[in-house]
Amino acid sequence: MNVHERRERLRAILAGDRFVRPASVYDPLSARAAEALGYEMMMMAGSTASLAVLGAPDLVLLTLTEFAEQARRVTRAGSLPLMVDADHGYGNALNVVRCVQELEAAGVSALSIEDTLLPRPFGGTAESFISIEEGAGKMRAAIEARIDSSLVILARTGAVRAEGVDRTGQRAKAYEAAGVDGLFFVGQPSRTDLEALRAASSLPFILGGATADLGDEPYLVSLGVRIGGWSHRPIEAATRAVYETLRVLRESAVGEPPPALGPEEVMDTLSRKRDYDRDTASYLR
């Protein structure tokens, strides 16, 4: 199946009347596992790609080149459509153009550009967002940069948790007017939030995390939510499995048990999260 056909399959999901849960993937083997298990599409986040490529947490340390190459490895491994989270497009609107070009060439079927102010500025403590005007400009740049019109461009925002639903609705309207193909909401929107956002836009919705009262799939479908409900547990489970296997092999080799990490400690320790937290406190405040 060629890349254009994969993109058309993802567009059919957005245009349909079902709620589809993608497989969270991060490398070729996880992509092949998803296809073997019958998933309809895959999702690769910046966070999981950062762990897979750098062994680092989600701090926007991964470069566009590294992310695009990892996406290329994933799309080359199988035939499922791949949706990727391209963070803020790795810069301003001009960087977004380059981002779309690289990811389109890597064979992705959909990519999201978010309006979060990234990377974290010096002195910043709370999540911040660029202006609606700048956000809309980045979305226009993304739309105009694609060569294959079947490539899906999504506007992602988590502004509902920081700015409220009214302001987020204004963002949704501006991004729809810019020409995006769908809206990707994060930030734990509630039912009330989602209904207000549906009133603000007619585009398909993608939901990256939600409150407990949004577990009703027929309800989500009725509000135009077409993709959501994925979990990044595969990379966490794989990392824990590697650690535990190596621990057992090491114990067998040396005859005594090496220091053990609890299940919740493995990811933070191996990704050196504490070191990055220390550096953040030292250099960004």
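Computed quantities for the displayed model
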| read-out | value |
| --- | --- |
| Qualifying residue in the range 51-59 (condition: more than 15 Å from the chain's Cα centre (by Cα) and in a helix (DSSP H, G or I)) | yes |
| Qualifying position, being out of contact with any strand residue (DSSP E or B) (no Cβ under 7 Å at 6 or more places or on another chain) and modelled with pLDDT under 95, among 118, 54 | 118 |
| Qualifying residue in the range 222-234 (condition: under 16 Å from the mean Cα position of the chain (by Cα) and part of a helix (DSSP H, G or I)) | yes |
| Residue list for the range 107-122, filter: assigned to a strand (DSSP E or B) and open to solvent by 10 Å² or more (accessible area, probe 1.4 Å) | 114, 116 |
| Residue that is nearest to residue 168 (Cα to Cα), among those in the range 214-259 that are open to solvent by 70 Å² or more (accessible area, probe 1.4 Å) and of a type in the set (Asp, Glu) | 244 |
| Residue list for the range 4-32, restricted to those being free of Cβ contacts under 8 Å to residues at least 60 places away in the same chain, open to solvent by less than 80 Å² (accessible area, probe 1.4 Å) and part of a helix (DSSP H, G or I) | 12, 28, 31 |
| Which listed residue, of 90, 39, is open to solvent by 50 Å² or more (accessible area, probe 1.4 Å), at pLDDT 95 or above and among the aromatic types (Phe, Trp, Tyr) | 39 |
| Residue among 176, 133, 195 that alone is outside any strand (DSSP E or B), touching a strand residue (DSSP E or B) at 6+ places or on another chain (Cβ under 8 Å) and open to solvent by 20 Å² or more (accessible area, probe 1.4 Å) | 176 |
| Residue within the range 86-93 that is of a type in the set (Ser, Thr, Tyr) and either touching a Leu at 6+ places or on another chain (Cβ under 8 Å) or closer than 20 Å to residue 239 by Cβ (or both) present | yes |
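The values are calculated or read from the model by the stated rules, or taken from the named source; none is laboratory data. The structure displayed is predicted, hence computed values, not measured ones. Don't worry about glycine lacking a Cβ; one is built from the backbone with ideal geometry, like all the others, and counts go over all protein chains shown. The protein model used for the area step is the full one, side chains on, heavy atoms only, and it has no ligands, DNA or RNA in it. Shrake-Rupley method; radii C 1.70, N 1.55, O 1.52, S 1.80 Å.
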